[in-house]
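K.L.:
Here you go, one structure.
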Protein chains: 2
Amino acid sequence: MSEYAKVDSYLEKNLDKSLEELGRLVAQPSISAQGIGLKECANLVADMLRARGFTAEVMDTEGAPVVFAERKGKGEKTLLFYNHYDVQPPEPLELWDSPPFEPQIRNGKMYGRGISDDKGHIVSRLHAIDSIIATEGDLPCNIKFIIEGEEETASVHLHEFVRDNKEKLKADACIWEFGGVDHRDVPMQYLGLRGICYVELSVESLSTDVHSGLGGSIFPNAAWRLTWALSTLKGPDERIRIPGFYDDVKPPTPNDRELMEALPDVAEEYKKRYGVKEFIKGLTGGTELKMEEVFTPTCTICGLTSGYQGPGSKTVQPAFASAKVDFRLVPDQRPEDILQKLRAHLDAHGFEDVQIKFLGGEPAARTDPDDSFVRTVVQAAEEVYEQPMQIVPTVGGSGPNYPFVHDLGLPVATAGLGYPDTRAHAPNENIRIDLYLKHARHMARVIREFAR
Amino acid sequence: MSEYAKVDSYLEKNLDKSLEELGRLVAQPSISAQGIGLKECANLVADMLRARGFTAEVMDTEGAPVVFAERKGKGEKTLLFYNHYDVQPPEPLELWDSPPFEPQIRNGKMYGRGISDDKGHIVSRLHAIDSIIATEGDLPCNIKFIIEGEEETASVHLHEFVRDNKEKLKADACIWEFGGVDHRDVPMQYLGLRGICYVELSVESLSTDVHSGLGGSIFPNAAWRLTWALSTLKGPDERIRIPGFYDDVKPPTPNDRELMEALPDVAEEYKKRYGVKEFIKGLTGGTELKMEEVFTPTCTICGLTSGYQGPGSKTVQPAFASAKVDFRLVPDQRPEDILQKLRAHLDAHGFEDVQIKFLGGEPAARTDPDDSFVRTVVQAAEEVYEQPMQIVPTVGGSGPNYPFVHDLGLPVATAGLGYPDTRAHAPNENIRIDLYLKHARHMARVIREFAR
């Protein structure tokens, strides 16, 4: 019988209660992009931590508050959890089957905005902590939480917060906010994140929209200016044309390639799940597709807006146009540097009229796959998932792991309740309840094994 | 004393009553692009005509109904008025100083969506008719009205309607829906309209939006596909790159150039009114700017939409993107031909994934500046505006004059209450009340002089 039998039994018996708590957290909107409900959500999270005997502070920043919490344990070592309580905007609302902030359980899944990214992780980790306290009366090590409210808007103030609170955040290892299983239900250990540089490009060509019969032949059109400027950034060959953009790219190592080769092919899975007819760059699958997905920097248009967008036709020449653009960065690209190169590029192409608004950025960072803490987390998964975690040297997403890896000097391991159809950032975001429970079981083991 | 003294006196005395009637018409939304209130507005217009002793029919089409009305007069001749009761969408709502469908009078102007384009014209013409009936007991000629409900969506069914009802619409001359004074308050006689081909271009690259950290490096991005496709249509040199696009363009005649030279320079006026910093194509003003404005075909992006468009950042790769694009055509370009050439061009550039939805079109048409009816309308203005109308051989806007000129064989003259700051198609659309009255006075004269 597993030494975790009591813990597992506790987790299973109290699952409904934990999901109820998760429901309360999801029902509190906390949309960082729109500044909705952040303070309220931070207070709610702090209260949840205090209910477990943590000392919890809601600490102001120049943006959304950060929740810092700590509970001493029997041992000397300290485990730091990084999470975030903010969520992506719920739009487009009409594509949700149930309202995004009224969490609902259907067919073994629970739906709601932020339930996977990242509120489910917060509450399942609290559930794991409850199980240890309930069965052992105390924690085997110190546990700290840093739960920020700006992860979905590029964690603009977190780097500074970490630098200013190095002593407080001191720890021996860090569990990251996310993780999960792949399409085979194999738990994955993601050891790096790409960086990001997120900008809004905008053009104002006139002081007012004008009838297109008047302006079309003689006035500058904001939508055209934006279209032309964007098309200088990247062409259908997918090569980013900003001079110097690739200068600091560190290519993947042979070990990276080996780890990537060991991962299953994703091509068919992606085609089915996302309706991809053809991958870009002539990719068809195999290691090349997997490598390209995470080791190359990107330039993605996330949104376009200009003029009339309703049904039917409106013959108007727009005075204003804007695009949301994110650049995913790899080591050792730096967001400030990319921003400068973007400005220089636009100017060189005659697009001084295109304004750049910097909406946030962070560099990429990675943790060594051979670190002992990584091994602990990987092995602790075996009893829960019937296999150890599979190591992925880095992923395509971004997050503020840079200050944790480089300022605090911590190994950062990932683990979580995600799965391929979790729809983070999209309508009908959901978690599988079986994976919610597994994540709690895994976390209880990680806390104990780490403390030994 | 003018023979129109009684008419003028009637018009002035009953102005407030007429504006009240106009207010009721503007308060009835009738947005053809969005299918809102069309039937209701058609019935309201028909009732207004019946109140003047017209027989009025609300005739179904495959789109919005057409109001046809007729009242016999003493003479043999028949004057046809073409108007439309539909209006442009009122968005962006936040830029209106008063609600678009709650007409309001402020400082000698009256505001509301469609008040200038085209409801003000309808009611001021009814006001003119009232003045003649009130002072003479009858009309001096037959008067017909055709008032359609799809002008703002390219009059998709009007051409067929005109062809199917040639007998009913038989007339000797036609007064067009719009007209007005220029920035010097000189009344203008606009004798031609450009054609139009309005399309929606759209791309669906995936079955669902996807986290930009996943899709950026390997999935096709709808917004990028659209951006690249658009940028093949026209570059910053403003030359439209669709092969054969300019093939059927008939250049302006020496007489056109002479008429255009006689018109005042518009450069400074445009700069001030629309906040133009620089005209496109290196234009600075003079005859070249005036010629370019109306004698060249265009390709205008009227709207762009894709992905996230709210405040802040959302890291999503959009599955869908679309653009509204209008081509303004000159004689002898044909919309169906342009549509085919557009499709062939996109295919030739590898953009088979860009869908084209045709939202309406009509060819350009012009009336001879030397036509006797044109002279009548031009001269009738003199007593009202203290000068005859100035002739503009064609304008940049579009409208369905082609079937009236080419199927019914009518001279089509324009006259109206517009002025440069009327803001048709834009927020705070308005009319000047003094010009509303002048248009009614002008129309009363045109009806009488035409009947002689």
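The numbers here are math on the coordinates, done by the rules we state, and not lab data. Since this is a predicted model, take the numbers as computed values, not measurements. Methodologically, a virtual Cβ is constructed for each residue, glycine included, from the backbone with ideal geometry; neighbour enumeration extends over all protein chains shown.
K.L.:
Using unit Cβ charges (K, R positive; D, E negative) and no other charged atoms, how large, in debye to the nearest 20, is the dipole of chain B about its Cα centre?
P.N.:
It comes to approximately 320 debye.
K.L.:
Starting from the 7 Å offset along Cα-to-Cβ, what nm value, one decimal, do you get for the label separation of A:Lys39 and B:Arg239?
P.N.:
6.0
K.L.:
Determine which residues of the stretch B:1-35 fall in the zone a paramagnetic label at B:Ala51 would reach in this model, i.e. backbone nitrogen under 12 Å from the point 7 Å along Cα→Cβ.
P.N.:
Hits in the stretch B:1-35 for B:Ala51 at 12 Å: B:17-26.
K.L.:
Once the dipole of the stretch B:290-390 is set up with Lys and Arg at +1 and Asp and Glu at -1 on Cβ about the Cα centre, which of B:Ser322, B:Leu359, B:Tyr385 lies farthest towards its positive end?
P.N.:
My answer, from the dipole projection, is B:Ser322.
K.L.:
Per residue of chain A, what 222 nm ellipticity follows from adding -39500 (n - 2.57) for every DSSP H run with n ≥ 4, rounded to the nearest 500?
P.N.:
Calculated mean residue ellipticity at 222 nm is -9500 deg cm²/dmol.
K.L.:
While we're looking at this one, here's another question. Could you tell me which of rounded, prolate or oblate describes the stretch B:223-302, using a ≥ b ≥ c as the square roots of the eigenvalues of the alpha-carbon gyration tensor, with rounded for a/c under 1.5 and, failing that, prolate when a/b is larger than b/c and oblate otherwise?
P.N.:
Here the stretch B:223-302 falls in the oblate category.
K.L.:
Each residue of the stretch A:287-299 in order: what ³J(HN,Hα) in whole Hz does its phi give by Karplus 6.51 cos²θ - 1.76 cosθ + 1.60, θ = phi - 60°, with x for Gly and Pro?
P.N.:
For the stretch A:287-299, the Karplus-derived couplings read 4, 4, 4, 5, 5, 4, 4, 10, 9, 10, x, 10, 9 Hz, x marking Gly and Pro.
K.L.:
So who's got an amide H within less than 5 Å of the one on A:Gly75, skipping anything under 5 residues away but keeping other chains? H placed 1.01 Å off N, in plane.
P.N.:
Placed amide hydrogens put A:Cys141, A:Asn142 under 5 Å from A:Gly75.
K.L.:
So, one more: Tell me which residues come under 5 Å, amide H to amide H, from B:Thr61 once H is placed; ignore anything under 5 positions away on its chain.
P.N.:
For B:Thr61, the qualifying residues are B:Val66.
K.L.:
So who's got an amide H within less than 5 Å of the one on B:Gln189, skipping anything under 5 residues away but keeping other chains? H placed 1.01 Å off N, in plane.
P.N.:
Here the answer is B:Gln390, B:Ile391, B:Val392, since their amide H atoms fall under 5 Å of that of B:Gln189.
K.L.:
If each label sits 7 angstrom from Cα along the C-beta direction, how far apart, in nm, is A:Ile36 from its counterparts in the other copies?
P.N.:
Going from nearest to farthest copy, the values are 2.2 nm.
K.L.:
Choose one of A:Tyr246, A:His183, A:Thr153: the residue whose Cα lies farthest towards the positive end of the charge dipole of the stretch A:137-246 (beta-carbon charges +1 Lys, Arg; -1 Asp, Glu; about the Cα centre).
P.N.:
After comparing all options, I get A:Tyr246.
K.L.:
For the stretch B:16-59 and the stretch B:381-443, what is the separation of their C-alpha centers, rounded to whole Å?
P.N.:
20
K.L.:
What pairs from A:Lys144/A:Lys250; A:Lys281/B:Lys314; A:Lys77/A:Lys119; B:Lys77/B:Lys250 go past 31 Å between their alpha carbons?
P.N.:
In this structure, A:Lys144/A:Lys250; B:Lys77/B:Lys250 lie more than 31 Å apart at Cα.
K.L.:
Next question. Within the set of other residues whose C-beta is less than 15 Å from the C-beta of A:Met260, count the net charge using Lys and Arg as +1 and Asp and Glu as -1.
P.N.:
-4
K.L.:
Which distances in nm, rounded to one decimal and ordered from shortest, link the label point of A:Ser2 to the equivalent label points in the other identical copies, with labels set 7 Å from Cα toward Cβ?
P.N.:
Nearest to farthest, the other copies are at 9.6 nm.
K.L.:
I need the shape label for the stretch B:182-230. Rule: rounded when a/c is under 1.5, else prolate if a/b > b/c, else oblate, with a, b, c from the alpha carbon gyration tensor.
P.N.:
Since a/c reaches 1.5 and a/b is larger than b/c, the shape of the stretch B:182-230 is classed as prolate.
K.L.:
Another one. For chain A, with the dipole built from +1 on Lys and Arg beta-carbon atoms and -1 on Asp and Glu ones, taken about the Cα centre, which of A:Ser207, A:Ser18, A:Tyr85 lies farthest toward the positive end?
P.N.:
My answer, from the dipole projection, is A:Ser18.
K.L.:
Another question, then. What aspartates and glutamates sit close enough to A:Lys290 to cross-link, taking a C-alpha to C-alpha distance under 17 Å and skipping anything fewer than 8 places away on the same chain?
P.N.:
List returned: A:Asp182, A:Glu238, A:Asp256, A:Glu258, A:Glu261, A:Asp265, A:Glu268, A:Glu269, A:Glu278.
K.L.:
Placing +1 at every Lys and Arg Cβ and -1 at every Asp and Glu Cβ, with all other atoms neutral, what dipole size does the stretch A:341-428 have around its Cα centre, in debye to the nearest 20?
P.N.:
260
K.L.:
For labels at A:Ile356 and A:Gln340 in the simple 7 Å Cα→Cβ model, what's the distance in nm?
P.N.:
Here the answer is 1.1 nm between the modelled labels.
K.L.:
Apply the a/c threshold of 1.5 to the C-alpha gyration tensor of the stretch A:82-155 and tell me whether it is rounded, prolate or oblate.
P.N.:
Taking the square roots of the gyration eigenvalues as a ≥ b ≥ c, the stretch A:82-155 is oblate.
K.L.:
OK, next. Distances from B:His183 to the same residue in each other copy, label points 7 Å out along Cα→Cβ, in nm, shortest first?
P.N.:
Listed shortest first, these distances are 6.1 nm.
K.L.:
Treating only the Cβ of Lys, Arg, Asp and Glu as charged (+1, +1, -1, -1), what charge dipole size does the stretch B:56-169 show about its Cα centre? Round to the nearest 20 debye.
P.N.:
Working: 13 positive and 22 negative charges, 130 e Å.
Charge dipole, the stretch B:56-169, about its Cα centre: 620 debye, nearest 20.
K.L.:
Relative contact order of chain A: what whole-number percent is it, with Cα pairs under 8 angstrom and at least 6 residues apart? Don't jump to the answer; show the numbers that get you there.
P.N.:
Values: 951 pairs, mean separation 114.3, N = 452.
For chain A, the relative contact order is 25 percent.
K.L.:
Report the local net charge at B:Glu70: Lys and Arg +1, Asp and Glu -1, summed over other residues whose C-beta lies under 10 Å from its C-beta.
P.N.:
Local charge sum for B:Glu70: +3.
K.L.:
From the phi of every residue in the stretch B:101-108, what ³J(HN,Hα) in whole Hz does the Karplus formula 6.51 cos²θ - 1.76 cosθ + 1.60 yield, where θ is phi - 60° and glycine or proline is x?
P.N.:
10, 10, x, 9, 9, 9, 6, x
K.L.:
Here is a further query. Can you tally the net charge around A:Val58? Count Lys and Arg as +1, Asp and Glu as -1, for every other residue whose Cβ sits under 12 Å from the Cβ of A:Val58.
P.N.:
-3
K.L.:
Let me ask something else. So if R0 is 60 Å, what FRET efficiency would B:Lys168 and A:Glu167 give, r being the distance between their Cβ atoms, rounded to the nearest 0.05?
P.N.:
After rounding to 0.05, the efficiency reads 0.10.
K.L.:
Starting at the first residue of the stretch A:258-263, write each ³J(HN,Hα) from the Karplus equation 6.51 cos²θ - 1.76 cosθ + 1.60 with θ = phi - 60°, in whole Hz, x for Gly and Pro.
P.N.:
Those phi angles translate into 4, 4, 5, 4, 6, 7 Hz.
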